[in-house]
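What follows is one structure encoded as structure tokens, with my remarks underneath.
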Amino acid sequence: ESNDIHKVESYLKKENAPSLSKSSYHGQAQGKNLILISLESTQQFVLNRKINGEEITPFLNKLIKESYYFPNFYHQTAQGKTSDAEFMIDNGLYPLSGGSVFVRRPHNDYYALPAILKEQGYISTVFHSNDESFWNRGNMYQTLGYDRFFSKKDYQVTEENSVNYGLKDIPFFKQSIPYLKKLPQPFYAKFLTLTNHFPFLLHNEDDRFLNIDENNADLVHRYFATVRYEDEAIKQFFDLLKKEGIYNNSVIVLYGDHYGISRSYDKELEEVLGKKISLTDQLDLQKVPFIIHIPGVKGKQINTLGGEIDIRQTILDIMGIVPKKEEVDFGRSLFSSDRKNLVVFRDGSFVTNKYAYLDDGCYDKSVGNKVKRNLCTPYLDKVQNELMYSDNVIFGDLLRFLESDGIIIKNPSSKE
Ligand code: GP9
Ligand code: MN
């Protein structure tokens with residue numbers, strides 16, 4: 001098995017050249033607190049879109065102009081949904097093809113973001129107002145090296161201020177602030193929002209910032225209403241961070257965890273988009289927001305093709321952090337000019353700058369029509385290898401063979 005980790009490492013050295021993760025942006029957010037915000041079920045197409053003349057995400061629309069914004073960015077989650085995104089971001093490994101790694105492999109050795117940040121004197125925390133047991137987070141967060149998980153029991157949750165799985169986003173951020181204020185800096189604080197979750201309900205008149213009547217709206221319009229609510233919550237959170245003097249010392253990273261509107265609602269969505277949703281349109285709908293906001297740094301749109309697997313390297317790059325141990329990471333900094341230009345999805349489909357491989361067919365991404373299959377074949381092996389090596393790491397618990405100084409233990413049995 002210790003041989004297997006060698007194989008993964010040589011594959012990654014050859015294919016992904018992790019040393020190229022140092023870009024010209026390296027270290028722009030050095031020493032800052034890292035605030036990571038998971039935007040529940042938030043797809044990219046809601047950005048800069050109006051419904052009945054009203055912006056769906058007025059705050060985010062403004063924010064992306066003052067941030068690094070990556071428009072060619074896809075979610076890569078599978079059945080583990082929110083937890084799959086969390087897993088990719090902290091580890092640079094792909095999620096599993098079935099279930100959630102959080103549930104299936106919580107006792108593995110990992111070399112996760114909290115551990116890497118700890119080397120730099122950071123503490124790591126998660127804020128999420130659902131139960132600790134959901135997605136086995138309580139256990140997995142310990143394994144990943146989080147120092148504290150503020151979960152449902154740390155919040156005042158009432159019938160009035162909650163919906164669906166937990167606290168609504170506005171009181172969630174508000175109630176998180178006293179805890180956040182007390183953390184020693186620098187910190188890594190992850191916030192998982194929750195209100196924009198299927199079946200997209202608000203209940204309360206005061207939470208409706210769009211002129212949409214929940215009781216008479218279809219799912220897609222309810223989605224717009226909860227996204228608009230989430231946008232308002234983020235805005236208020238930024239205001240609180242400024243008020244508490246945390247904002248200026250922080251880099252704030254926001255990402256949509258996965259799609260919110262599944263294929264079953266294509267009909268309703270087609271009405272809003274005013275066109276039929278083709279297979280490549282469906283792929284476009286898998287794009288999610290990815291935003292890096294550094295106070296005082298000018299905004300810029302970065303068109304690099306990428307996905308959630310790349311978030312960890314992108315964060316390490318912008319924060320100027322070089323991990324002390326050897327990394328086994330399938331991502332690449334999106335600031336890097338040397339790109340792999342390939343996004344691998346868990347079901348084996350993929351997208352490159354030109355082509356998309358979907359439902360076993362090869363498509364020209366820009367025009368959406370089917371092209372000769374051999375235009376996609378050069379990538380097929382690479383895609384299978386990526387997923388296979390990542391799975392091997394997880395199922396073989398291979399990271400236990402990496403020692404703290406980066407030297408690989410030759411004979412694992414001698415360690416036991
Ligand atoms: C619940 C949150 C949302 O805690 O993770 O659930 P999901 O999007 O994973 O279904
Ligand atoms: Mn989710």
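The values are calculated or read from the model by the stated rules, or taken from the named source; none is laboratory data. Quantities reported herein were computed from a predicted structural model and do not represent experimental measurements. Methodologically, a virtual Cβ is constructed for each residue, glycine included, from the backbone with ideal geometry; neighbour enumeration extends over all protein chains shown.
Things worth noting here:
- Residue within the range 401-410 that is at pLDDT 95 or above, crowded, with 16+ Cβ neighbours inside 10 Å and either assigned to a helix (DSSP H, G or I) or in contact with a Phe, Trp or Tyr (Cβ under 7 Å, 6 or more places away or on another chain) (or both) present: no
- In the range 249-265 there is at least one residue matching the filter, namely being within 16 Å of ligand 2 (Cβ to nearest atom), closer than 30 Å to Val371 by Cβ, loosely packed, with under 15 Cβ neighbours inside 10 Å and at pLDDT 95 or above.
- Residue within the range 209-218 that is modelled with pLDDT under 95, of a type in the set (D, E, K, R), touching a helix residue (DSSP H, G or I) at 6+ places or on another chain (Cβ under 8 Å) and more than 16 Å from ligand 2 (Cβ to nearest atom) present: yes
- Qualifying residue in the range 271-282 (condition: surrounded by 17 or more Cβ atoms within 10 Å (Cβ to Cβ) and under 23 Å from Ile35 (Cα atoms)): no
- Residue selection: Phe191 satisfies the criterion of being at pLDDT 95 or above, under 23 Å from the mean Cα position of the chain (by Cα) and closer than 20 Å to Ser41 by Cα.
- Some residue of the range 156-163 being surrounded by fewer than 22 Cβ atoms within 10 Å (Cβ to Cβ), within 16 Å of ligand 2 (Cβ to nearest atom), touching a residue at least 40 places away in the same chain (Cβ under 8 Å) and within 23 Å of Ala85 (Cβ to Cβ): yes
- The selection criterion, being among the aliphatic types (A, V, I, L, M), more than 19 Å from Phe187 (Cβ to Cβ) and within 12 Å of ligand 1 (Cβ to nearest atom), does not hold for Val126.
- The C-beta contact set for the range 172-194 (first residue closer than 17 Å to Asn130 by Cα and free of Cβ contacts under 8 Å to residues at least 40 places away in the same chain, second residue of a type in the set (Val, Ile, Thr) and more than 16 Å from ligand 1 (Cβ to nearest atom), distance under 9 angstrom, 6+ apart or interchain) is empty.
- Counted residues, the range 24-41 - those being small (Gly, Ala, Ser) and within 16 Å of ligand 2 (Cβ to nearest atom): 2
Residue-wise test of (1) in contact with a Phe, Trp or Tyr (Cβ under 7 Å, 6 or more places away or on another chain); (2) more than 16 Å from ligand 1 (Cβ to nearest atom).
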{"position": "Glu119", "(1), (2)": "no, yes"}
{"position": "Ser133", "(1), (2)": "no, no"}
{"position": "Asn136", "(1), (2)": "yes, no"}
{"position": "Asn139", "(1), (2)": "no, no"}
{"position": "Gly145", "(1), (2)": "no, yes"}
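Matching residues to (1) more than 19 Å from Leu39 (Cβ to Cβ); (2) modelled with pLDDT of 95 or more; (3) touching a Pro at 6+ places or on another chain (Cβ under 9 Å); (4) acidic (Asp, Glu):
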residue	(1), (2), (3), (4)
Leu285	no, yes, no, no
Gly296	yes, yes, no, no
Ser336	yes, no, no, no
Asp347	yes, yes, no, yes
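- Criterion violated by Val367 - all others in (1) loosely packed, with under 14 Cβ neighbours inside 10 Å; (2) assigned to a helix (DSSP H, G or I) satisfied: (2)
- Some residue of the range 51-63 being away from ligand 1 (no atom under 16 Å from the Cβ), within 20 Å of Ile321 (Cβ to Cβ) and assigned to a loop (DSSP other than H, G, I, E, B): no
- Ser100 vs. criteria under 14 Å from the mean Cα position of the chain (by Cα), within 16 Å of ligand 1 (Cβ to nearest atom) and of a type outside the set (A, V, I, L, M): no
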